[in-house]
Amino acid sequence: MHAPHDETYLNARVGIRSWLLTTDHKRIALLYFAGITFFFFIGGIAATLIRLELITPGPTLGSPDFYNRLFTMHGIVMVWFFLIPSIPTTMGNFILPMMIGARDLAFPRLNLLSWYFYIAGGLITIAALLLGGIDTGWTFYEPYSTFYATGYLILAVFGIFVSGFSSILTGLNFIVTVHKLRAPGMTWYRLPVFVWSTYATSLILILATPVLAMTLLMLLAERVLHVGLFSPQLGGDPILFQHMFWFYSHPAVYIMILPSMGVISEIVPVFARKPLFGYKFVVWCSIAIAAIGFLVWGHHMFVAGQSLYASLAFSFLSYLVAVPSAIKVFNWTATLHEGWIRFDAPMLYAFGFIGLFTIGGLTGLFLAALPIDVHVTDTYFIVAHFHYIMVGGAVMGFFAGLHYWWPKITGRLYPDYWARFAAILAFFGFNLTFFPQFILGYLGMPRRYQSYPPEFQIWHVLSSAGASILAFGYALPLFYFAWSILRGSRASANPWGATGLEWSTRSPPPPENFAATPTVVRAPYQYDQGKPCMQAGDV
Amino acid sequence: MSERAIGFQYATVAQQREASTLGMWAFLATEVLFFGALIAAYLNYRIWLGDEFIAAASLTKVALGTANTAVLLTSSACMAMAVMTFEAGSKRAPVLWLTATALLGLAFVVIKASEWWLDYQEHLIPALNFDLARHGGVAEIFFVFYFCATGLHALHLLIGISIVAWLATAIGRGRIVPGGSTTRLVGLYWHFVDVVWIFLFPLIYLAGRNG
Ligand SMILES: [Cu+2]
């Protein structure tokens, strides 16, 4: 409160201990940024090698066994160490307390502990993958994973188990923070949508992750002790493993996409200079997605031998969960209508998100339909579909948010020209990478195979060419963000003319976020003739 | 867990207390899903494998299981008394009640361990000495679940006993005084571990004994 005016969370304390033992949510967010970036590039290197391998119909870089290890590594690292934690632990950690006018999360030490769980789990798993890798795919299907898989499966699964504590503690922290630490006047319907969607994500984190934890424990028990739990050799039920795995792993898709939807809901009103269309619909759609998302896992098992009646119910529910997602897309689009639209980099990423997520969502409807799913199960159609959701959706949202809040986080501006270029590059690179995979899958190319018939080569080459453009689009921000930290001009408190509370304090923020606890008097996204109405001011 | 000062992120003590309480409930929700997954898997096999699975359940030691249920319920009553007397301002009474809670918890673990010892002698421990020829493969699956469930429950109980012992010491030394939420939160956790047992007991022990 009596800090000098140039004190920020970055320079308030110095030294490596002040970072590794920090309880400041903003510093912990930066610790997460470091981890997330590291794992993103590990997973990205694996992806690059996969696309190189698939340029020719036969073996290119290595044996089929090597290829199995590559796609397993790519899947495990990207799902558990990049996508799941990506937005909540970085932007959620940094921005969420500021959005609600709080000085920190409810449990700052628990927050730091979460980071250590995340890093420990990640390093354990990476160690397993580097010591020789695993050949099961990221899904660890039974009885493959207990009886036939080679490599350090136990170590990798244990690492994922450990990182689960990070998910649970982070979700718990956000839930309590949103319930109990809102500033005076910050009613539930005045919360920014990003807070709502992070809250919905947190519900999934605390309710689905423990089921994965138990599933992995049972898998470990079976592999280590050779006692029957899932393996038919020991009298077990392998379908049970799939039920338990997908009970977590389908909701996990919403852990990945809901935070991105929150980011897009922040960005679209700011750069369209209009209030978010249908705020309450967007908010309740987040909750609906989190709730219905728990009831659709069986659509991963249409060909696995579950009963036809179960499949029918899961098919219906999978259509149902698409409705709130579609409502959100309509709301974002309607927000643009007659807006004062600005095409800054965050907005370009947001546009990319909306387009790619729509394609991913619509092809999801194909897969919810029983007959079509039977035809394309375990083909590249599936691969293309979920990459449109997780990369086209979740990763685009991650980059959108990163570009949107970068000036707040670092206090620096980045070169907008290069950022827009990277956004466009990523959009085209992404489509060139993954659209051919829809065609490949429809023609019958199965996933997880190193070799394929020569007539598929043209589509694989197109896909690999796209991947090289995409990789460039993802690497570019590293350079201009580094430049921005070193040379970028200083950002004002509110460079975008946005309305959220986080923009009412300095960039970068002081350690306690706000000089005095703000009082909220308005709903979010209030614009008058394209001009922002600020919430509260100590700028 | 310190109640010496109010966290800088809170405006009032009440706010901090409410936050801690909600945090504990959220944690318990996680635990419900954790044990729930195991119980769901158990029920899957019970329905699928039918009579043979239920017959295996009759190999459990129901007298010891029933005694343990009584012990654990009594410990929860002691815990409730500890929380009540603590919040009424007493210092000696909650320490005594907490000591009783921890001792009853320990008694549960001792009875449980003796039960496992009997199981060991009857060659009922999968991966260690399970006698497949005598008991059959279905019984082995039952006992895998039996040891997973009772083992994880016992682990939670041991953690609970340590926390209760710590709390009794802290209250005895005056480090924890009424007004905070720690005692109530420890109570919540203890009751939760008790409730888990209330579900495990009929599922495991009473399954094969209805006729
Ligand atoms: Cu799914």
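The values are calculated or read from the model by the stated rules, or taken from the named source; none is laboratory data. Keep in mind that what you see is a predicted model, and the values were worked out from it rather than measured. Every residue, glycine as well, gets a Cβ built from its backbone with ideal geometry; the counts of neighbours run over all protein chains shown.
Structure above, values below:
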item	result
Some residue of region B:113-120 being more than 27 Å from A:V224 (Cβ to Cβ) and surrounded by 15 or more Cβ atoms within 10 Å (Cβ to Cβ)	no
Test: residue in region A:284-300 that is in a loop (DSSP other than H, G, I, E, B), surrounded by fewer than 21 Cβ atoms within 10 Å (Cβ to Cβ) and away from the ligand (no atom under 13 Å from the Cβ)	no
Count of region B:111-165 residues which are in a loop (DSSP other than H, G, I, E, B) and either away from chain A (no Cβ under 14 Å) or not aromatic (F, W, Y) (or both)	10
Complete set of residues in region A:498-521 that are among the acidic types (D, E) and not in a loop (DSSP other than H, G, I, E, B)	A:E502
Test result for A:T201, under 24 Å from A:T89 (Cβ atoms), within 11 Å of chain B (Cβ to nearest Cβ) and surrounded by 24 or more Cβ atoms within 10 Å (Cβ to Cβ)	no
A:K274, sole failed condition from (1) surrounded by 19 or more Cβ atoms within 10 Å (Cβ to Cβ); (2) farther than 27 Å from A:G352 by Cβ; (3) away from chain B (no Cβ under 13 Å); (4) away from the ligand (no atom under 16 Å from the Cβ)	(2)
All positions within region B:155-187 that are surrounded by 15 or more Cβ atoms within 10 Å (Cβ to Cβ) and of a type in the set (S, T, N, Q)	B:S181, B:T182, B:T183
Answer from A:P210, A:P184 - the residue that is outside any helix (DSSP H, G or I), in contact (Cβ under 8 Å) with a residue 24 or more places away in the chain and within 12 Å of another protein chain (Cβ to nearest Cβ)	A:P184
Candidates A:V253, A:V227 - the one that is over 25 Å from A:V323 (Cα atoms) and either within 16 Å of the ligand (Cβ to nearest atom) or not in a helix (DSSP H, G or I) (or both)	A:V227
Whichever residue in region A:318-346 is within 13 Å of the ligand (Cβ to nearest atom) and buried (at least 19 other Cβ atoms within 10 Å of the Cβ) and, among such residues, is farthest from the other protein chains (Cβ to nearest Cβ)	A:S325
Qualifying residue in region B:12-25 (condition: surrounded by 19 or more Cβ atoms within 10 Å (Cβ to Cβ), within 10 Å of another protein chain (Cβ to nearest Cβ) and either of a type in the set (A, V, I, L, M) or under 29 Å from A:L234 (Cα atoms) (or both))	yes
Meets criteria (of a type in the set (V, I, T) and at the interface with another protein chain (Cβ under 9 Å from one of its Cβ atoms)) for B:V32	yes
Test: residue in region A:168-183 that is surrounded by 24 or more Cβ atoms within 10 Å (Cβ to Cβ), under 21 Å from the mean Cα position of the chain (by Cα) and farther than 16 Å from A:N111 by Cβ	no
Those residues of region A:235-250 which are within 14 Å of chain B (Cβ to nearest Cβ) and assigned to a helix (DSSP H, G or I), in sequence order	A:P238, A:I239, A:L240, A:F241, A:Q242, A:H243, A:M244, A:F245, A:W246, A:F247, A:Y248, A:S249
Residue within region A:27-43 that is at pLDDT below 95 and polar (S, T, N, Q) present	no
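Per-residue answers, yes or no, for (1) on the phi > 0 side of the Ramachandran plot; (2) away from every other protein chain (no Cβ under 14 Å); (3) part of a helix (DSSP H, G or I):
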position	(1), (2), (3)
A:V77	no, yes, yes
A:I87	no, yes, yes
A:N93	no, no, yes
A:L96	no, no, yes
A:G101	yes, no, no
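Rundown of residues vs (1) under 22 Å from A:S464 (Cα atoms); (2) not charged (D, E, K, R), yes/no style:
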{"residue": "A:L20", "(1), (2)": "no, yes"}
{"residue": "A:R27", "(1), (2)": "no, no"}
{"residue": "A:L31", "(1), (2)": "no, yes"}
{"residue": "A:G35", "(1), (2)": "no, yes"}
{"residue": "A:F39", "(1), (2)": "yes, yes"}
{"residue": "A:G43", "(1), (2)": "yes, yes"}
{"residue": "A:T48", "(1), (2)": "yes, yes"}
{"residue": "A:P57", "(1), (2)": "yes, yes"}
{"residue": "A:D65", "(1), (2)": "yes, no"}
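Results for (1) surrounded by 24 or more Cβ atoms within 10 Å (Cβ to Cβ); (2) within 16 Å of the ligand (Cβ to nearest atom), shown as yes or no for each residue.
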site	(1), (2)
A:L217	no, no
A:R223	no, no
A:L234	no, no
A:L240	no, no
A:L258	yes, yes
A:G262	yes, no
